[in-house]
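S.K.: Sharing a structure, written as structure tokens. Questions coming.
The values are calculated or read from the model by the stated rules, or taken from the named source; none is laboratory data. Because the structure is a prediction, the values reported are computed rather than measured. Cβ placement follows ideal geometry from the backbone for every residue including glycine, while neighbour counts extend to all protein chains displayed. Surface accessibility is based on the protein's heavy atoms, side chains included, excluding ligands, DNA and RNA. Shrake-Rupley method; radii C 1.70, N 1.55, O 1.52, S 1.80 Å.
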There are 2 protein chains.
Amino acid sequence: MLQIDIKSDIEIAQDAKLKPIKKIVSKLGLSEDDIELYGKYKAKLTYETIEGLKKNKDGKVILVTSINPTPAGEGKSTVTVGLGDALTKLGKKALIAIREPSLGPTMGIKGGATGGGYAQVLPMEEINLHFTGDFHAITTANNALAALIDNHIHQGNEMQIDTRRIVWKRSLDLNDRALRQVVVGLGGPSQGVPREDGFDITVASEIMAVLCLATDLLDLKRRLSQMVVAYNLHKEPVTVKDLGVEGALTLLLKDALRPNIVQTIEHTPAFVHGGPFANIAHGCNSVMATNAAIKLADYIVTEGGFGADLGAEKFLHIKTRAANFKPEAVVIVATIRALKMHGGQKKADLHMENIKALQGGLQNLQKHIETIQAFGLPYVVAINRFVSDTNEEVMELMNWCKKHEYPVALTDVWAKGGEGGIELAEKLLEVINKSEGQFNYLYSLDLPIDEKIRRIVQKVYGGKDVEFSGKAMKQLADFERFGWGQLPVCMAKTQYSLSDDPQQLGRPENFTIHVRELKPKIGAGFIVALTGDVMTMPGLPKKPAANLMDVDECGKAKGLF
Amino acid sequence: MLQIDIKSDIEIAQDAKLKPIKKIVSKLGLSEDDIELYGKYKAKLTYETIEGLKKNKDGKVILVTSINPTPAGEGKSTVTVGLGDALTKLGKKALIAIREPSLGPTMGIKGGATGGGYAQVLPMEEINLHFTGDFHAITTANNALAALIDNHIHQGNEMQIDTRRIVWKRSLDLNDRALRQVVVGLGGPSQGVPREDGFDITVASEIMAVLCLATDLLDLKRRLSQMVVAYNLHKEPVTVKDLGVEGALTLLLKDALRPNIVQTIEHTPAFVHGGPFANIAHGCNSVMATNAAIKLADYIVTEGGFGADLGAEKFLHIKTRAANFKPEAVVIVATIRALKMHGGQKKADLHMENIKALQGGLQNLQKHIETIQAFGLPYVVAINRFVSDTNEEVMELMNWCKKHEYPVALTDVWAKGGEGGIELAEKLLEVINKSEGQFNYLYSLDLPIDEKIRRIVQKVYGGKDVEFSGKAMKQLADFERFGWGQLPVCMAKTQYSLSDDPQQLGRPENFTIHVRELKPKIGAGFIVALTGDVMTMPGLPKKPAANLMDVDECGKAKGLF
């Protein structure tokens, strides 16, 4: 194996020289009065600024997605950041718009969510910890609502809420398996009404999805008011509006809704705002940030969680509908290592050349390319290069793309920052200029819920059909009756496979997707279709990263990954 | 009754014209580089700035305390803010240092914690909601620790923690009675180990007390490492240090430890930082803020929670020892209304003149004056005037003070701001100049824990003796054995009476205080003595304030009290 003396992400981040954020925003034509500072290097846009942007013309939105993720890693966030830097290097007015990371996993086994190497957003430690407090505001609103529900029941339960059918869970932005299933309200008549409950990690809260899909404060309040928190004894939904607390929840979220602006190592401005789960939610940064970015830059580089079957599909069907914009192009990130895993190579052997495994894995990439083509969007395949990739492997992949006339570019942004993304940026500008395509949805909102799910399974996953459990069948009927039939669908499926079986790598065919249960997220504005067990509260490992974390006497962080 | 068209606290606050906080700190000799902005009107000191202050000379600390509180209200925070404004009006370099309010009660029935009327700190809505995120950081650290404890047990429980003897509770900054007693870890072997648990409101977390007593980041880490979280099967204490996560907790708190600076309506600078419960903790703002204030101003006006029996006693015995300063003088706030309640008048009749009830209630004030005299400190009685007070009542009180040679001043800061506190400020400067007293503690740390408690009961409460339950007796022995005997005591007693019976108003005598149980707060550095039931997680009322809260489309808060 090649031994190189390389710096860790936190070392690179801490060695980087940041510019005051008021200088960074001046590149976007904004002054110090347009932002509220959170320290010298973080800021939020003011509502006045956002309002004032509406007259500006629209920039072009570029979505970064990937093949189905594997334990080998794809580097989607890293490519997103690096592409923003590369476009800036080419003289374009570019803005990056990505999600905020959750604090919880930082204490466990951290997977960096702020890019990596020389393609990172900064200040890395602060973004990974409390940042500007958005997630804490969401946790507070989530749990204030839970307390208000339990208080309503304790104070007489006028709405006849069925304590066995409360669907609103509490939340914390932590990994804490002991809180997955709890009993609350113990201790006698003055301590509330006993019932089963549970905690989700904050990024799984519907309020996170609501905040990320709202277009302004009034839309936020409207969405919050529609959230279903429970069913009453007549099995009718009880909403936040019924409790009359949508104003209080909106007040708690008034600052969290405003986009955060930071910078990359190369000083490209970046919105880092909102972070809904990519499995039970839609997995994209906020509409507020993306819509502001569209008015501030010519090129907006953003991403969706997981592979194109989940992230891009939800971005294109859910987010663009809520935000009311059309994307311009897609970048599909792939790595030689991950493709080899899709072709059957074991993780331990990934450093060894294996052309055959690579060839076998290409079909996964191919399916995602076909999906993006079906949406009518131009795209570029970005090969995110790792040091262990051999020239033969890279040539094999490049030649395969050329043979099929798939636009392709090599990237090396981890090691080289924006410079390593120039080829990708140039190729991207080329496909955008040449594009004659017309973006179209793969399902219409008028279709019944089950038919929308079937369209996704057939057109995006390449499956044969969808099968609904008895419970799901009953829910389909209920949901139409409650007037929720017009909502888009948010699939909760394993990210590892195009099918609902995480073992089926590559490009499985002729499979059926099994929908076990539906979850109405009426505030977020989608119906979640669960196709398996979805973990909404992670646990900590035997040796938590928390044991390595520290801070020196001046406040400098240590042990963050 | 007198009918006056008066504005509410939030209306007065929102009508006030704030100055940029960078202008406010310039009065203290600080530049924009000495602070980190959180928006235009809130800031935190940087660690470099705090370090640089050490060479400055010390200002004089003035503690504002009161008689035993009654439902009639005393207005201690309001007098604190108004006195700071008044000293400024007299040309003194003054700084206010008070606690941050808890968000939880805002959703229930709000008791303003940022002063009132024209003696408020601003921006009121933000200070009452998320402010600079300090409490969220404490909640996160508190619950990260809980998750790490449960994870340790789940992963094999190497330290043999007794799951029946985990004393570390989870916390939320909300009023939520349903979380007082819970069972966690349900759902089978992959969901943790089932056990009884509970949530406290964040201000009751030991981490809040630790943060408020720490003198710097290293002291914070030292204190965190000493916190007792559980006992093992051999009944020996298990600490944060044993878990090895004091670095991670300190990292989570690195910004929360830095003092927040805001302004009053009259633009006097004010530190608003930290907010430990005044019953099971010591109830004062942070040592970091007070110590920085001492180096930045000539007069520092601060307060302790509840009456002088709790707030002043803990401020003088616990906080001044941790912070290593000597206070200069004390202001004892009293209202005619509250004194009449201590003299037997009912709350509904407080608007009616009642000289006899007033005379009867004066003994409560007298006891607190005697206590402050025993500490060797000069003082002024501040009569916080209400519109319903009659001239005869006011004269009666003034004459009584003059007869006993108690320095006294009328204040009207709610209606008049600093102008209404001039008489108090002048009287205060006079007693400070004339003072020949020598501040002394009423107990020495060398005394055994039970004897320290006895001294407080006899010298501060005016009681006869103290009685310990069997459990408390056993704990006294254990605590000495664990090496905790040298710590000061933090009394958890009803705030309404000098005794442990909330019905005993005025000046009860010959009573015995009953200590039911002790709680070791080794990180905070004190032993809590519980003399009755202490509520550490409030509930919401039948009609929560949350139902009235709202925000307009520009982010302006409505319905906050």
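S.K.: Quick check on my filter: what residues within the stretch A:227-246 are assigned to a helix (DSSP H, G or I) and touching a helix residue (DSSP H, G or I) at 6+ places or on another chain (Cβ under 7 Å)?
M.R.: Correct list: A:Val240, A:Lys241, A:Leu243, A:Glu246.
S.K.: I've got another one for you. Suppose we filter the stretch B:23-61 for residues that are open to solvent by 10 Å² or more (accessible area, probe 1.4 Å) and facing chain A (nearest Cβ under 10 Å); how many remain?
M.R.: So the count comes out to 12.
S.K.: Then there's this: Return the residues of the stretch A:491-524 that are farther than 28 Å from A:Leu224 by Cα, of a type in the set (D, E, K, R) and touching a helix residue (DSSP H, G or I) at 6+ places or on another chain (Cβ under 7 Å); say none if nothing qualifies.
M.R.: A:Arg507
S.K.: Considering only the stretch A:107-134, state which residues are part of a helix (DSSP H, G or I) and within 9 Å of chain B (Cβ to nearest Cβ).
M.R.: Across the stretch A:107-134, the qualifying residues are A:Met107, A:Glu125, A:Glu126.
S.K.: Checking the condition in contact with a Pro (Cβ under 6 Å, 6 or more places away or on another chain), open to solvent by less than 10 Å² (accessible area, probe 1.4 Å), under 24 Å from B:Pro407 (Cβ atoms) and hydrophobic (A, V, I, L, M, F, W, C), which residue from B:Ala329, B:Ala297 passes?
M.R.: None of the others qualify; the one that does is B:Ala329.
S.K.: While we're on this one: For the stretch A:157-203, name all the residues that are among the aliphatic types (A, V, I, L, M) and touching a residue at least 60 places away in the same chain (Cβ under 8 Å).
M.R.: If the condition is that a residue be among the aliphatic types (A, V, I, L, M) and touching a residue at least 60 places away in the same chain (Cβ under 8 Å), then A:Met159, A:Ile161, A:Ile166, A:Val167, A:Leu172, A:Leu174, A:Leu179, A:Ile201, A:Val203 are the ones that fit.
S.K.: Evaluate the stretch B:63-70: report whether one residue or more is surrounded by fewer than 19 Cβ atoms within 10 Å (Cβ to Cβ) and modelled with pLDDT of 95 or more.
M.R.: No, the stretch B:63-70 contains no residue that is surrounded by fewer than 19 Cβ atoms within 10 Å (Cβ to Cβ) and modelled with pLDDT of 95 or more.
S.K.: For residues that are surrounded by 24 or more Cβ atoms within 10 Å (Cβ to Cβ) and among the small types (Gly, Ala, Ser), scanning just the stretch A:227-276, find the one that is farthest from the other protein chains (Cβ to nearest Cβ).
M.R.: Taking the candidates together, the pick is A:Ala270.
S.K.: Provide a single number: the residues in the stretch A:412-466 that are open to solvent by less than 30 Å² (accessible area, probe 1.4 Å) and over 26 Å from A:Ser497 (Cα atoms).
M.R.: 11
S.K.: Any residue in the stretch A:355-377 that is open to solvent by 40 Å² or more (accessible area, probe 1.4 Å) and part of a loop (DSSP other than H, G, I, E, B)?
M.R.: no
S.K.: Within the stretch A:135-147, which residues are within 7 Å of another protein chain (Cβ to nearest Cβ) and open to solvent by 10 Å² or more (accessible area, probe 1.4 Å)?
M.R.: A:His136, A:Thr140
S.K.: Against the conditions (1) touching a residue at least 60 places away in the same chain (Cβ under 8 Å); (2) assigned to a helix (DSSP H, G or I), where does A:Ala147 fall short? Just the number, please.
M.R.: Here A:Ala147 clears every test but (1).
S.K.: Please go through the stretch B:159-171 and give me each residue that is hydroxyl-bearing (Ser, Thr, Tyr) and open to solvent by 10 Å² or more (accessible area, probe 1.4 Å), ordered by number.
M.R.: Scanning the stretch B:159-171 gives a single hit, B:Thr163.
S.K.: A further question follows. So, B:Ile98, is that one within 14 Å of chain A (Cβ to nearest Cβ), within 20 Å of B:His130 (Cβ to Cβ) and open to solvent by less than 30 Å² (accessible area, probe 1.4 Å) or not?
M.R.: No: the conditions fail for B:Ile98.
S.K.: May I ask you to say which residue of B:Glu423, B:Glu392 is over 30 Å from B:Tyr441 (Cβ atoms), of a type outside the set (Ser, Thr, Tyr), assigned to a helix (DSSP H, G or I) and without any contact (Cβ under 8 Å) to a residue 24 or more places away in the chain?
M.R.: On the way: B:Glu392 fails: without any contact (Cβ under 8 Å) to a residue 24 or more places away in the chain.
From the options B:Glu423, B:Glu392, the qualifying one is B:Glu423.
S.K.: Name the residues in the stretch A:189-219 that are in a helix (DSSP H, G or I) and either within 9 Å of another protein chain (Cβ to nearest Cβ) or farther than 21 Å from A:Gly283 by Cβ (or both), would you?
M.R.: Scanning the stretch A:189-219 gives A:Pro189, A:Ser190, A:Gln191, A:Leu217, A:Leu218.
S.K.: Ok, one more. A:Pro71 passes all but one of (1) in contact with a Gly (Cβ under 8 Å, 6 or more places away or on another chain); (2) of a type outside the set (Ser, Thr, Tyr); (3) closer than 30 Å to A:Leu397 by Cβ; which number fails?
M.R.: So A:Pro71 meets the others, but not (1).
S.K.: Okay, moving on. How many residues does the stretch B:518-561 contain that are in contact with a Gly (Cβ under 7 Å, 6 or more places away or on another chain), open to solvent by 30 Å² or more (accessible area, probe 1.4 Å) and either facing another protein chain (nearest Cβ under 7 Å) or of a type in the set (D, E, K, R) (or both)?
M.R.: Matching residues across the stretch B:518-561 total 2.
S.K.: Which count do you get for residues in the stretch B:150-165 that are assigned to a strand (DSSP E or B) and more than 11 Å from chain A (Cβ to nearest Cβ)?
M.R.: So the answer is 4.
S.K.: Find all pairs meeting these conditions: Cβ atoms under 6 angstrom apart; at least six residues apart or on different chains; first residue within the stretch A:39-57 and of a type in the set (Gly, Ala, Ser); second residue open to solvent by less than 30 Å² (accessible area, probe 1.4 Å).
M.R.: A:Ala43/A:Ile21; A:Ala43/A:Ile35; A:Ala43/A:Leu37; A:Ala43/A:Ile261
S.K.: Continuing with the same structure: Only one of A:Leu186, A:Leu174 is part of a loop (DSSP other than H, G, I, E, B), open to solvent by less than 10 Å² (accessible area, probe 1.4 Å) and within 11 Å of chain B (Cβ to nearest Cβ); which?
M.R.: Result of the check over A:Leu186, A:Leu174: A:Leu174.
S.K.: Can you tell me which of A:Asn279, A:Asn291 is more than 24 Å from A:Gly360 (Cα to Cα), outside any loop (DSSP other than H, G, I, E, B) and either of a type outside the set (A, V, I, L, M, F, W, C) or open to solvent by 10 Å² or more (accessible area, probe 1.4 Å) (or both)?
M.R.: After applying the criteria, what remains is A:Asn291.
S.K.: Here is a follow-up. If A:Val81 satisfies all but one of (1) under 28 Å from A:Asp501 (Cβ atoms); (2) of a type in the set (Val, Ile, Thr); (3) in contact with a Gly (Cβ under 6 Å, 6 or more places away or on another chain), what's the number of the condition it fails?
M.R.: (1)
S.K.: Could you tell me whether B:Ala338 is surrounded by fewer than 24 Cβ atoms within 10 Å (Cβ to Cβ) and part of a helix (DSSP H, G or I)?
M.R.: no
S.K.: Filter the stretch B:344-354 for residues that are closer than 17 Å to B:Pro69 by Cα and not in a helix (DSSP H, G or I) and give the result.
M.R.: Residues satisfying the conditions are B:Gly344, B:Gln345, B:Lys346, B:Leu350.
S.K.: Continuing with this model, one more query. Are there strands (runs of 3 or more DSSP E) fully within the stretch A:450-536 with at least 1 residues that are farther than 25 Å from A:Asp242 by Cβ, in contact with a Lys or Arg (Cβ under 7 Å, 6 or more places away or on another chain) and not basic (Lys, Arg)? List them. Walk me through how you get there before you give the answer.
M.R.: On the way: elements: A:465-468, A:489-492, A:512-515, A:517-521, A:526-530.
Passing ranges, in order: A:465-468, A:489-492, A:512-515, A:526-530.
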